[in-house]
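Since the structure comes first, as structure tokens, the remarks are kept for the end.
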Amino acid sequence: MTKQDFRSRDAKLGFLLVLPAVILVILVVILPIISGIQISFTSQRVVGSEYEFIGLKNYFELFEDKQFIASLGKSAIWVLANGFFQTLAALLIALLINQPFRGQNFVRTWIILPWAVPAAVTAILWRWMFDASSGIVNTTIKGLDLVQKPVLFLANPDIAGMSLTFVNSWRYIPFLTIIFLASLASVPEEEYEAARVDGANPWLQFKSITFPNLLPTLTVLGLVGTLWASNVFDIIWMMTRGGPGEATTTVPVLMYDMAFYGYNISKATAGAIIFLFVLIIFAFVFIFANRKQFVVASETFQDLSK
Amino acid sequence: MASVALKNLCKKFGQTSVVKDVNVEIGDGEFLVFVGPSGCGKTTTLRMVVGLESLSEGEIHIGNRLVNNLPPGDRDVAMVFQNYALYSHMTVSRNLGFALKARGLAEKEITKRVQRVAKMLDLEELLERKPKQLSGGQRQRVALGRAVVRNPQVFLMDEPLSNLDALLRLQTRKELIELTTELNSTVIYVTHDQVEAMTMGHRLAVMNKGEVVQLDPPEKVFNEPANRFVAEFIGSPPMNFLDVEIAEENFQKILKSDAFDMVLPETWYSISESKAILGFRPHDARLVAEGGVSGRVTVVETLGAEKLVYLRVGKNSLSILVPATEKIRSGDQLRFDLNQDALHLFNREDEKRMPSTKQS
């Protein structure tokens, strides 16, 4: 057999191996999006009802819908707050538990726990803890005389967004921490030793060794984290339903509300499609702007998988 | 530059002692080599001097400062690591200047010193490259430059040549000797390569199982090894050993092995033991037509100018070096004589060298 034959045989095998994944993506991602685009051009109100083709009318309506514009803003704040808080906290925790201490392996393993808790359980748990009269958070801070009146974590429109950000971060920080830990483990110990001999203080070590090594990971997480945070629906819906008022109504929450409580599934779908395009454009711009880091990251992951 | 004193240095990891009571004084401008097989404690000793490893017991003085509790950065020592440990995300230039930056030197001064060292080590063309884009030899020079640029009290080097290929290692060895001589540096150098140790060190500290077994200039370590371990470890090809008995006949001391008898030179008459281990180096044997020791050739290795011939003599397997012009094949019977001045006798109990009167 010639080399060429081998290569084409490898290509065929490769195609066969990715085929199931490709079919799955087509069935659960591509087809629903196409069908979603179709629905967004119609006047359908609820699933199964009659409708007619109305072109871009839903889209024009949305662009003049103050509620929708507001939800885009809420989503942007939500993503930024979550991204900033989660990344920073996860990085600090990772750096902290990367230092040798007793029980390190135990902590490293079980820190993943919040991530494994189902969203519904998390939501109920924190609603209960945030409760104004009997919640453990309020009884504690009142007991310590930090506040006079109970804090309305989920009912005060000024605080609800922060409370949700905290709970959502509580879920995702462990996962990010694990990723950071893996990334930290790939930094050669000798570079730190050399830096210590060179007299670099911990901050200079972090700045010139740790951070450049983490940068590709941070960049990838920046993209993935943004997309994840944008699509968070479960926690918000189960804890505040987008309230109080519309204080926590991000795009996914508004779309769900519009589709199943406002009985306007076609308009909600149009909103979702707009949001999808916003995210796609963001992803392209982000990847292009950070293409160098993505190349390094893919090399790192290849190294790790060796 | 400064002197270094290691006093009663001990290191324990849990119950295991890896460095036991090391006492070495390194003079100002001296090139001292810790040499020994892997796991002998030489790297741990070096890491204690630099401060990357804590001491279990003992004292380390650099210049006239006790540095036991000083962090590595405050000891004013520079280290060259075995794998170079270059900062992978920095250019060569920033690698070289990093220690100066850490010390808060002005950017202008850093650039000046980096330029000077880059010129000295022929790195000028590479200053803007990252370590990934350098060859092994270039990385090695950057690692060296990173140490030199600091102008430290002491250079510590942990097998800096072991990752280079043979030819480059030879060349770099020479350059390293030239550089350290020119800078009149105090150097503590760790290697498992006895040739490197012999060629570079002003003095060798031969280590085995956590202890310094001999601390002497290279010639003395080679000619008067303190014990069987040193004799075997230093010198290539390694020394031959065989058990002998020492008898007295007609006012002479006679060495008796299972295959041959040999009259000992008078310089050995002071010893009283009746049993010993005889050691001789392969190049201290000479082929003879008659007399001497007889053996059957088992393997012949051509080394170039010489041949290393393995012989079976009685129960022992010995090796001797002969000129490459000798036509020898396995199975031949050979006779050889030993250079009487180059014999070594070791105690069978503690394997220490037995002194002859010839040697001081």
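The values are calculated or read from the model by the stated rules, or taken from the named source; none is laboratory data. What you are looking at is a predicted structure, and each value in this text was computed from that prediction instead of being measured. All Cβ positions, even for glycine, are placed from backbone atoms using ideal geometry, and neighbour counts span all protein chains on display.
Got at least one residue in segment B:211-223 being closer than 12 Å to B:Leu343 by Cβ and in a strand (DSSP E or B)? Among the residues of segment B:211-223, not one is closer than 12 Å to B:Leu343 by Cβ and in a strand (DSSP E or B), which makes the answer no. Within segment B:94-116, how many residues turn out to be of a type outside the set (Asp, Glu), in a helix (DSSP H, G or I) and more than 14 Å from every other protein chain (Cβ to nearest Cβ)? The qualifying residues number 5. A Cβ distance below 8 Å, combined with a sequence gap of six or more or placement on separate chains, defines the contacts here; from segment A:248-273, residues that are among the aromatic types (Phe, Trp, Tyr) reach residues that are at pLDDT 85 or above in the pairs A:Tyr256/A:Phe233; A:Tyr256/A:Trp237; A:Tyr256/A:Ala268. Selection of segment B:58-73 for residues being within 14 Å of chain A (Cβ to nearest Cβ) and not in a strand (DSSP E or B) yields B:Val67, B:Leu70, B:Pro71, B:Pro72, B:Gly73.
Scanning segment B:247-279 for residues that are within 16 Å of B:Glu351 (Cβ to Cβ) and of a type in the set (Val, Ile, Thr) turns up B:Ile271, B:Ile277.
What are the residues in segment A:185-212 that are within 7 Å of another protein chain (Cβ to nearest Cβ) and over 25 Å from B:Asp76 (Cβ atoms), if any? Selection gives A:Pro212 alone. Test B:Asp341 against the stated conditions and say whether it is assigned by TED's automatic domain parsing to the domain that holds B:Trp268 and either assigned to a strand (DSSP E or B) or among the β-branched types (Val, Ile, Thr) (or both). Answer is no for this residue.
Just one of the listed residues (B:Gly136, B:Gly63, B:Gly73) is of a type in the set (Gly, Ala, Ser) and either modelled with pLDDT of 90 or more or surrounded by 18 or more Cβ atoms within 10 Å (Cβ to Cβ) (or both), and it is B:Gly73. Scanning segment A:1-34 for residues that are modelled with pLDDT of 85 or more and either within 25 Å of the chain's Cα centre (by Cα) or hydroxyl-bearing (Ser, Thr, Tyr) (or both) yields a count of 13. Taken over segment B:74-93, the criterion of being more than 8 Å from chain A (Cβ to nearest Cβ) and outside any loop (DSSP other than H, G, I, E, B) is satisfied by B:Val80, B:Val92, B:Ser93. Residues in segment A:55-69 include at least one that is surrounded by 10 or more Cβ atoms within 10 Å (Cβ to Cβ), touching a strand residue (DSSP E or B) at 6+ places or on another chain (Cβ under 9 Å) and in a helix (DSSP H, G or I).
Inspection of segment A:196-205 finds a residue satisfying the criterion of being closer than 14 Å to B:His89 by Cβ, surrounded by fewer than 21 Cβ atoms within 10 Å (Cβ to Cβ) and modelled with pLDDT of 85 or more.
Applying the criterion of at least 1 residues that are under 13 Å from B:Val313 (Cα atoms) to the strands (runs of 3 or more DSSP E) found wholly in segment B:253-300 leaves B:261-263.
In the set (1) crowded, with 16+ Cβ neighbours inside 10 Å; (2) in contact with a helix residue (DSSP H, G or I) (Cβ under 7 Å, 6 or more places away or on another chain); (3) of a type outside the set (Gly, Ala, Ser), the condition left unmet by A:Val46 is number (1).
B:Met207 satisfies every condition listed in (1) surrounded by 15 or more Cβ atoms within 10 Å (Cβ to Cβ); (2) at pLDDT 85 or above; (3) not assigned by TED's automatic domain parsing to the domain that holds B:Phe81 except (3). Filtered by the rule that a residue be surrounded by 10 or more Cβ atoms within 10 Å (Cβ to Cβ) and under 25 Å from A:Pro202 (Cα atoms), segment A:99-110 gives A:Gln104, A:Val107, A:Arg108. The listed residues are B:Ser317, B:Ser330, and the only one of them that is under 20 Å from B:Glu232 (Cα atoms) and either surrounded by 12 or more Cβ atoms within 10 Å (Cβ to Cβ) or in contact (Cβ under 8 Å) with a residue 24 or more places away in the chain (or both) turns out to be B:Ser317.
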